[in-house]
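One structure is given here, and the rest of the page talks about it.
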Amino acid sequence: MPHYTISEIAEALKVCSFVKNTLEDCKISHLLTDSRKLGNAQETLFFALKTKRNDGAKYIEELYQKGVRNFVADENHRNFHSDANYLLVKDPLQALQKLASFHREHFSIPVIGITGSNGKTIVKDWLCQLLSSDKNVVSSPKSYNSQIGVPLSVWNMEENHDLAIFEAGISEPNEMPQLQSIIRPTIGIFTNIGQAHDENFLTRNQKIAEKLHLFTHVKTLIYNIDYPEIHNLVVSFEAFRDKKIFTWGRKPEADIRILSIEKFLKKSIIKVIFNGEENAYELPFIDNASIENAMHCLSVLYYFNYSPEIIFGRLKALTPVAMRLELKEGINNCSIINDSYSADLNSLEIALDFLLQQQQHHKRTVILSDILQSGKSDTDLYQEIALLLNLKKVDSFIGIGERISMQGHLFDLPKQFYASTQDFLRDFQPSFFTNESILLKGARIFEFEQIDQLLQRKSHQTVLEVNLNAIQHNLNYFKSLVGKDTKIMTMVKAFSYGAGDVEIANILQFNKVDYLTVAYADEGAELRKSGIKVPIMVMNPEEQSLSTVLKHCLEPEIYSLRILHSLLDEMTFHKAQKIGIHLELDTGMHRLGFEEKDFPDLIQLLKGHPEVEVKSIFSHFAASDEIEFDDFTHHQIQLFKEMATYLKMELGGNILLHIANTAGVSRFPESHFDMVRLGIGLYGISSDPKVLPLLENVSTLKTRISQIRQIEKDDAVGYSRRWIAKETSHIAIIPIGYADGLSRRLGNGVGHVQINGQSAPIIGNICMDMCMVDVTGIDCKETDEVIIFGSSDLVQKMAHNLNTIPYEVFTSIPNRVKRVYFHE
């Protein structure tokens, strides 16, 4: 890691003001922009970044209490501790970028810069696979390619590196020049151009021109000549006249010309000609995107003068890039985080941060293989890893590999070591692990997928995949629609709309939502037992569950005098000192809630019981997503404002007001008040056609084909012979039925599934555990993936076919269907 003194950094940044701790000139090796990912506090410099949704200055005091003593803040910051350093600047983000640029100046090694619409991360990671046996490579962790991610990536450059590979992504004009000044690539790769972020640029040519800014000072630029828009702009730009242009493609003028591509079952053979010499290379992929990505890598290998023999062996050995962490249920009530496709320090730290987010178990275990080609001595490398495990609060450790085993004495925590994965598998007993979160982090050569298979809870092939990044994206989108001071309450009732309880609550807690909401007290109790500390509102506090509410510090919704009296009685019985409650008002939904006629008795009762603190007053919209009822919604907003303001004035205190649901957030800004409630929108669904394209899909229900059968004309399929083949047909049997949440109403051609991008009708009656689909004319085979739903369009279409709403589709998926959580 880099090491600069805080004074050196202050000089490099030319800060507006340096409020200095005169006792010590601290050494800085870690840059922090997210307060939730704190590691080594003593050597950390925190940048208090300001965004549209947040202000990092809010977390300075919290980080100070955790031991951080070095901060970069806005020049208007005024709260200082005498034993801390504060670098005050005009813009903390620009300061972060400037510091990374300053660090980059210290290196003269080759630097590959990659941009394009798609494939940046895969090309980067494949180049690391291809080149790491000869070179000590530093690269962007995961897909760190933004205005924040790029400087954090470049900061990882060290003296022992002899090649750097960084990716850069932009979504708006004028962003790339800043990234260029940080990366300063000597070799450029422009992967391709597509539709991503088209809406933010006037023309496709403008977007290409903006991306080309990354390469204004490279010595060599590599790209596919078959993209005429890219090629035409490159040859027309004055800045590229003195550059070496290295192209590949099918056109005769390409430096590497593709002669042919043959695709087989699991591999492709590519024949190319370069410098008059023909060669054929094998790739373990057949999809066009992987072939394009591999051709960029082939170009780099040719550029570095690797022989065709070496290139052939390395391309053939390419392995898929794991873009996401998998979180799944394990044996003995464990949670398994599978990141078993790569092992390096940067991705290890990211995976440990994700492990730290998981609060459902008190114990955290890491299973780690040897880390290969780190460029460090084994002693330095594993000493750094041991420190990292301590900082990230890991409780036990299993090391697999000869090199890590040799350094076992460096790890000061309960530990075990095995020379190989096979040794671990021979000794494995299910009783080794119970009630813990387990991170699997291994280089591909160690085949940790075998360990993953042993540890995960067994279930059939039908799974519900939940994209945690999409949850975070949707949350941030709705945050952008409300003011910085508007609080966020999120719905996790009904198993988080089928997506899972603890896992979703963890990611929401990590993203600092203000409230979680459950339907019943036992849901809240389970979250508390799993380490969730965010305030939790209970919407249906039944009288028999009030003791659970008190025991687990939950906050009940109070909608009648009867339930309030019951709560007071329960508090007396349990000798409870204090509780927070939420008052529901009926403004027209006519479901639950107080009316104005109830106010005198309600006010008198609450004033007589100061142990009951009113946290919020709220109401429910009846039809905020339906334009035809907008007048009624405006009436509800006005009525709520009058009723809630009166109650708040009478009761006093800091009481929050809220009425806006997902639709209300986007359609009725005047309804935001002090807090908004996010429900179905958080999970990627909106009835607003303007909002829906801006949300990301969260849940994908999928399975695999168990068997393919040929059915002759007039043959019947399924119970009650409801489907008769009109011609010779092919049907696929898939292992999902009504016990898995696939409604019987979708049978007999009502519902469809997606197989290899094509729609296949469900035929016959749906069985309890399986169903049949007509795959006549669809290119598919047994074990191919089947998507039941995987986008908002498919969910809404299924809901329409069932004459219901997406809520019911999501919440119908039972717990017997395994949830697998992904986090990029």
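The values are calculated or read from the model by the stated rules, or taken from the named source; none is laboratory data. Here the structure is a predicted model, which means the values were calculated and not measured. Cβ: placed from backbone, ideal geometry, glycine included. Neighbour counts: every protein chain shown. Accessible surface areas use protein heavy atoms only, side chains included; no ligands, DNA or RNA. Shrake-Rupley method; radii C 1.70, N 1.55, O 1.52, S 1.80 Å.
For this structure, a couple of remarks:
- Accessible-area rank, largest first, for VAL235, VAL750: VAL235, VAL750, with all protein chains present and a 1.4 angstrom probe.
- Net charge over other residues, Cβ less than 10 angstrom from the Cβ of GLU596 (K, R count +1; D, E count -1): -3
- Here is the list for the range 535-599: trypsin sites (Lys or Arg not before Pro) lying in DSSP coil, each with at most 11 other C-beta atoms within 10 angstrom of its C-beta, are LYS575, LYS578, ARG591.
- Heavy atoms of LYS512: accessible area, 1.4 Å probe, square angstrom to 10: 80
- Backbone phi angles across the range 76-92, fed through the Karplus curve with coefficients 6.51, -1.76 and 1.60 (θ = phi - 60°), yield HN-Hα couplings of 8, 5, 10, 9, 10, 10, 5, 9, 9, 9, 10, 9, 9, 9, 6, 9, x Hz in residue order; Gly and Pro are listed as x.
- Gain upon complete extension [GLN65, ARG204; 0.36 nm per residue less C-alpha separation]: 45.2 nm
- Mean Cβ count within 10 Å, highest first, over the residues of peptides 28-35, 301-308, 217-224: 217-224, 28-35, 301-308
- Accessible surface ranking that places the most exposed of CYS297, CYS780 first, with a 1.4 angstrom probe: CYS780, CYS297
- Surface per residue (accessible, 1.4 Å probe) for the chain, Å²: 43
- Summed side-chain charge close to TYR719 - residues other than TYR719 whose Cβ falls under 14 Å, Lys, Arg +1, Asp, Glu -1: +2
- Solvent-accessible surface (1.4 Å probe) assigned to ARG722 amounts to roughly 140 Å².
- Using the alpha carbons alone, the radius of gyration of the chain stands to its Kirkwood radius in an Rg to Rh ratio of 0.98.
- Projecting label points 7 angstrom from Cα along Cα→Cβ for GLU782 and GLU253 puts them 5.3 nm apart.
- Given their separation in residues at 0.36 nm each and the Cα-Cα distance between them, PHE573 and PHE304 gain 89.0 nm when the chain is fully extended.
- Each residue of the range 733-747 was assigned a 3J(HN,Hα) from its phi angle through the Karplus curve 6.51 cos²θ - 1.76 cosθ + 1.60 (θ = phi - 60°); the sequence is 9, 10, x, 8, x, 5, 6, 9, x, 8, 4, 4, 5, 8, x Hz, with glycine and proline shown as x.
- Subtracting the Cα-Cα distance of GLN450 and ALA716 from 0.36 nm times their residue separation leaves 91.6 nm of extension gain.
- For the range 575-681, applying the loop criterion from DSSP together with a ceiling of 15 other beta carbons within 10 Å to the GluC sites (Glu not before Pro) yields GLU595, GLU611, GLU626.
- Legend: calculated FRET efficiency, PHE632 to ILE805, from the Cβ-Cβ distance at R0 = 22 Å, rounded to 0.05, equals 0.70.
- Taking all protein chains together and rolling a 1.4 Å probe, THR728 ends up with roughly 70 Å² accessible.
- For the range 249-258, the Karplus equation 6.51 cos²θ - 1.76 cosθ + 1.60, evaluated at θ = phi - 60°, returns couplings of x, 8, 6, x, 7, 5, 4, 10, 9, 7 Hz by residue, with Gly and Pro reported as x.
- Net charge over other residues, Cβ less than 14 angstrom from the Cβ of ASP423 (K, R count +1; D, E count -1): -3
- Accessible-area composition of the chain, carbon plus sulfur, in percent [1.4 Å probe]: 48
- Peptides 477-483, 598-604 ordered by average Cβ neighbours within 10 Å, highest first: 477-483, 598-604
- In this structure the amide hydrogen of GLU436, modeled in the peptide plane, comes within under 5 Å of the amide hydrogens of CYS334, SER335, none closer than 5 places in sequence on its chain.
- Sorting the segments 92-99, 77-84 by their mean number of nearby beta carbons within 10 angstrom, highest to lowest, gives 92-99, 77-84.
- Size of electric dipole in the range 189-268: Cβ of Lys, Arg +1 and of Asp, Glu -1, about Cα centre, debye, nearest 20: 400
- Beta bridges by DSSP in the chain, antiparallel share as percent, to the nearest 5: 40
- Dipole magnitude for the chain: about 680 debye, using +1 per Lys or Arg Cβ and -1 per Asp or Glu Cβ, origin at the Cα centre.
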